[in-house]
1. Inside the range 139-173, can you point out the residues that are more than 16 Å from the ligand (Cβ to nearest atom) and buried (at least 24 other Cβ atoms within 10 Å of the Cβ)?
2. Out of everything in the range 281-298 that is without any contact (Cβ under 8 Å) to a residue 12 or more places away in the chain and surrounded by 13 or more Cβ atoms within 10 Å (Cβ to Cβ), what residue ends up being farthest from GLU366 (Cα to Cα)?
3. Return the pair list, or none, for Cβ contacts closer than 9 Å from residues in the range 81-94 that are closer than 9 Å to GLY215 by Cα to residues that are among the aromatic types (Phe, Trp, Tyr) and surrounded by fewer than 24 Cβ atoms within 10 Å (Cβ to Cβ), at least 6 apart or on different chains.
4. Considering only residues that are in contact with a Ser or Thr (Cβ under 8 Å, 6 or more places away or on another chain) and surrounded by 15 or more Cβ atoms within 10 Å (Cβ to Cβ), look in the range 251-273 and name the one that is nearest to LEU50 (Cα to Cα).
5. Restricting attention to the range 343-372, and to residues there that are assigned to a loop (DSSP other than H, G, I, E, B) and in contact with a helix residue (DSSP H, G or I) (Cβ under 7 Å, 6 or more places away or on another chain), which single residue is surrounded by the fewest Cβ atoms within 10 Å (Cβ to Cβ)?
6. Residues being in contact (Cβ under 8 Å) with a residue 24 or more places away in the chain and either assigned to a helix (DSSP H, G or I) or closer than 20 Å to THR150 by Cα (or both): count how many of those fall in the range 265-280.
7. Please state which of the following conditions GLU75 fails to meet, knowing it meets all the rest: (1) farther than 20 Å from ARG186 by Cβ; (2) touching a strand residue (DSSP E or B) at 6+ places or on another chain (Cβ under 9 Å); (3) at pLDDT below 95; (4) not basic (Lys, Arg).
Amino acid sequence: MPSDYEEFLRLEKARKIILEILNEKGREGLYDLSGLSGGFLITEEDKNLLNTYIGASYFAEKVDEYGLKHLGGDEDDKCVAFNRTSSAILATILALKPKKVVHYLPELPGHPSIERSCKITNAEYFESDNIEEILNKIDKDSLVVITGSTMDLKVVELENFKKVIDEAKNKGAIVFVDDASGARVRLLFNQPPALKLGADLVVTSTDKLMEGPRGGLLAGKKELVDKIYIEGTKFGLEAQPPLLAGIYRALENFNLERVKKAFERAKNFDLSKIEQLNKELKKVDTNIEIVYEKTPTGFAIKRVYKNDEVNIKKLVEIGFNLLKNFGIITITVAGMPGASKSLRIDLTSKDAERISDDYIIKAITESIKSVFCQP
Ligand SMILES: *Cc1c(COP(=O)(O)O)cnc(C)c1O
């Protein structure tokens, strides 16, 4: 894996290219298909309430009300916002100080913020996609984390979700669901909200599959949420009025139909040109192997080369090609250090509505070709 510093340089390079395109072609020349589309739907009247204390009073209440609705909470629950999902995760682990964290997810790896938070508090950390291993590991000292939908949008099986919750309840452990994208993606598969399934706490990202600014919305049992919020304020992890305002309006404007449209588009998306290219390139170099799959809202190229190290390098090169030559922004090049390196195309992004499936496929296949078939 690349070091954090190498990752940072990669991120800076991406930002520089984005700026160049922005200056040359304007916003129209960029297509953010990362799925983290960002949005800030506040109104004029909201702007007048952005004072630190007035805003905190007004917007925090709105976020509580709309957030609980969005996340399926009831009158015993509470909802607050943090700067990022990662901030909410850190605040949770700092506040609950678990001896160990047992993390079940449908596919490895988990989001790095969970393990990093455990390192800070010296909590033992265990993650697995093997349900039996997880059930055996849970005891009364565990904080049990379930990822509802991974960074690559692999969705948890409802049966396993329930099994982990049951086991945690039996042992008296607290259940915290990392539903960053899952809170919406799981709805597409008719899964109930995490709180309705018996989770004590759930966090979701307000700019994944919804038009909000990047932020982390935490909901669940009131006394737990209060405790986590208080701990978070000690380190400046809690959302301030401008972010709260953006989150409130994103929740208010959230429309599952838009996500469903992307879901349908993803289902019908024709990936046969990628398969064709895979066959051609294998003849050039037997180490080339394009592994790709559809996600609920797009598709992901998970691998292009057999050797792991080369693979990551090549995926990043392809990502840069997509950005430079086609204006397509992906997490592969623009994501934070530690983010998934799979080349993921997300059709819930607003910008996806401005380009055709053909443009996207052409961009991907040409970028792969130019990385592997340099003259
Ligand atoms: C995106 C994501 C996070 C982190 O969200 P940030 O806003 O980057 O902090 C955590 N967990 C999962 C599963 C995610 O997909």
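The values are calculated or read from the model by the stated rules, or taken from the named source; none is laboratory data. Predicted model, so just to flag it, every value in this text is computed and none were measured. Neighbour counts are summed over all protein chains in view; Cβ atoms, including those assigned to glycine, are modelled from backbone coordinates with ideal geometry.
1. SER142, ALA168
2. Going through the qualifying residues, I end up with GLU293.
3. Taking only residues 6 or more apart or on different chains, the pairs are PHE82/TYR229; SER87/PHE235.
4. Among residues in the range 251-273 that are in contact with a Ser or Thr (Cβ under 8 Å, 6 or more places away or on another chain) and surrounded by 15 or more Cβ atoms within 10 Å (Cβ to Cβ), the one nearest to LEU50 (Cα to Cα) is LEU251.
5. Just the residues of the range 343-372 that are assigned to a loop (DSSP other than H, G, I, E, B), to begin with: 347-349, 355-356.
In the following step, the residues that additionally are in contact with a helix residue (DSSP H, G or I) (Cβ under 7 Å, 6 or more places away or on another chain) were identified as 347-348.
Working: LEU347: 25, THR348: 28.
Here the answer is LEU347.
6. 6
7. Result: GLU75 fails condition (2) only.
Table: residues versus (1) in a loop (DSSP other than H, G, I, E, B); (2) in the same structural domain as SER117 (by the TED database); (3) at pLDDT below 95; (4) surrounded by fewer than 20 Cβ atoms within 10 Å (Cβ to Cβ).
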residue	(1), (2), (3), (4)
GLY212	yes, yes, no, no
LEU217	no, yes, no, no
GLY220	no, yes, no, no
LYS227	no, yes, no, yes
GLU231	no, yes, no, yes
GLY236	yes, yes, no, yes
PRO242	no, yes, no, yes
GLY246	no, yes, no, no
ARG249	no, yes, no, no
